[in-house]
Amino acid sequence: MDDHASPGRGLSASPDDLFPERAIEPDLVEAGRLLFAKECRFVAGAGNPNALPPESLPEIAFIGRSNVGKSSLVNALCGRRMLARTSNTPGRTQQINFFDLGGRLMLVDLPGYGYADASKGAIRAWTALVQRYLADRASLRRACLLIDARRGITETDRPTMALCDEAALSYQIVLTKTDAVRQPALAETAAAVAAELQRGRAAHPEIHLTSAEKRRGIAALRATLTGFAEVAPVFAPR
């Protein structure tokens, strides 16, 4: 069965998909659409440091609290329904999953934190693996830290933010599930997040506002992430 969804043709980026609001150049939006329309294939699932694949492409990591919508967001970005596994049961992603996007960018889906249907020993092992990956992976260009727009930054998110700051790893907040929040409350949450980010040494000040279900902010996030991709090869005409 074909699991491809719409690759995103016709999606546009609105200034209010970002906080603070900012218009994104149409050519960047188009570049993002073209990149994320390419084949995205599963490369490896690593449950321990020895299983991590070789560092061959720039990597973008997606991390956040369990059930924040990481897998749904990765699927929406790539226009796929089942590329990254989604579940109503928190903690189902139990390894670091690597996806090669058109030979130009590696998307990395990390295990969620805060809750998992697993033993304490397994959770400690995942935590140590994720911490080591975030701190030591040379090819990791940015971490997208997903925050549920209904809750804002919580105490379970702050250790990851502190780890990124200590490792000098650039990280960017992506608010998810914005369709479940009314605009005044969403603006208040985004402003509170932005104020907290001012204290983060490695925090990118711009916040993405997304909804995988309503496809909000997908084009804007694609445009941002495309800036980290390997340059597409140019073939001279014969």
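The values are calculated or read from the model by the stated rules, or taken from the named source; none is laboratory data. What you are looking at is a predicted structure, and each value in this text was computed from that prediction instead of being measured. When we count neighbours, we look across all protein chains shown, and the Cβ atoms used for this are built from the backbone with ideal geometry, even at glycine. Only protein heavy atoms, including side chains, enter the accessible area calculation; ligands, DNA and RNA are left aside. Shrake-Rupley method; radii C 1.70, N 1.55, O 1.52, S 1.80 Å.
Within the range 125-150, how many residues are closer than 28 Å to Lys177 by Cβ and either basic (Lys, Arg) or surrounded by fewer than 17 Cβ atoms within 10 Å (Cβ to Cβ) (or both)?
First pass over the range 125-150, keeping only residues closer than 28 Å to Lys177 by Cβ: 126-127, 129-131, 133-134, 137, 140-150.
Among the residues that remain, those that are also either basic (Lys, Arg) or surrounded by fewer than 17 Cβ atoms within 10 Å (Cβ to Cβ) (or both) are: 127, 131, 137, 141-142, 150.
Of the residues in the range 125-150, 6 are closer than 28 Å to Lys177 by Cβ and either basic (Lys, Arg) or surrounded by fewer than 17 Cβ atoms within 10 Å (Cβ to Cβ) (or both).
This table checks each residue for (1) touching a strand residue (DSSP E or B) at 6+ places or on another chain (Cβ under 8 Å); (2) modelled with pLDDT of 95 or more; (3) of a type in the set (Phe, Trp, Tyr).
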| position | (1), (2), (3) |
| --- | --- |
| Ala5 | yes, no, no |
| Leu11 | no, no, no |
| Glu21 | no, yes, no |
| Gly32 | no, yes, no |
| Leu35 | yes, yes, no |
### Task
Scan the range 105-130 residue by residue and report those that are at pLDDT 90 or above and either under 21 Å from Phe228 (Cβ atoms) or in contact with a helix residue (DSSP H, G or I) (Cβ under 6 Å, 6 or more places away or on another chain) (or both).
Leu105, Met106, Leu107, Val108, Asp109, Leu110, Val130
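Only one of Ser56, Ser71 is among the hydroxyl-bearing types (Ser, Thr, Tyr) and open to solvent by 50 Å² or more (accessible area, probe 1.4 Å); which?
Just one listed residue meets the conditions, Ser56.
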## Note on the structure
In the range 171-203, residues that are under 16 Å from Glu21 (Cβ atoms) and of a type in the set (Gly, Ala, Ser) total 4
### Query
Do we have Thr224 as under 26 Å from Leu11 (Cβ atoms) and among the hydroxyl-bearing types (Ser, Thr, Tyr) here?
yes
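Quick one: is Ala229 over 15 Å from Val174 (Cα atoms), surrounded by 13 or more Cβ atoms within 10 Å (Cβ to Cβ) and within 20 Å of the chain's Cα centre (by Cα)?
Yes, satisfied.
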### Task
Give me the pairs, please: first residue somewhere in the range 1-24 and within 28 Å of Ala192 (Cβ to Cβ) and open to solvent by 50 Å² or more (accessible area, probe 1.4 Å), second residue anywhere and at pLDDT below 90 and of a type outside the set (Gly, Ala, Ser), beta-carbon distance under 9 Å, and either six or more positions apart or on two chains.
none
### Task
Assess whether Glu206 counts as being open to solvent by 10 Å² or more (accessible area, probe 1.4 Å), out of contact with any strand residue (DSSP E or B) (no Cβ under 7 Å at 6 or more places or on another chain) and of a type in the set (Asp, Glu).
no
### Message
Tell me yes or no: at least one residue of the range 170-184 is closer than 28 Å to Gln131 by Cα and open to solvent by 50 Å² or more (accessible area, probe 1.4 Å).
### Response
yes
## Note on the structure
Residue count, the range 27-50, condition of a type in the set (D, E, K, R), open to solvent by 60 Å² or more (accessible area, probe 1.4 Å) and outside any strand (DSSP E or B), comes to 4
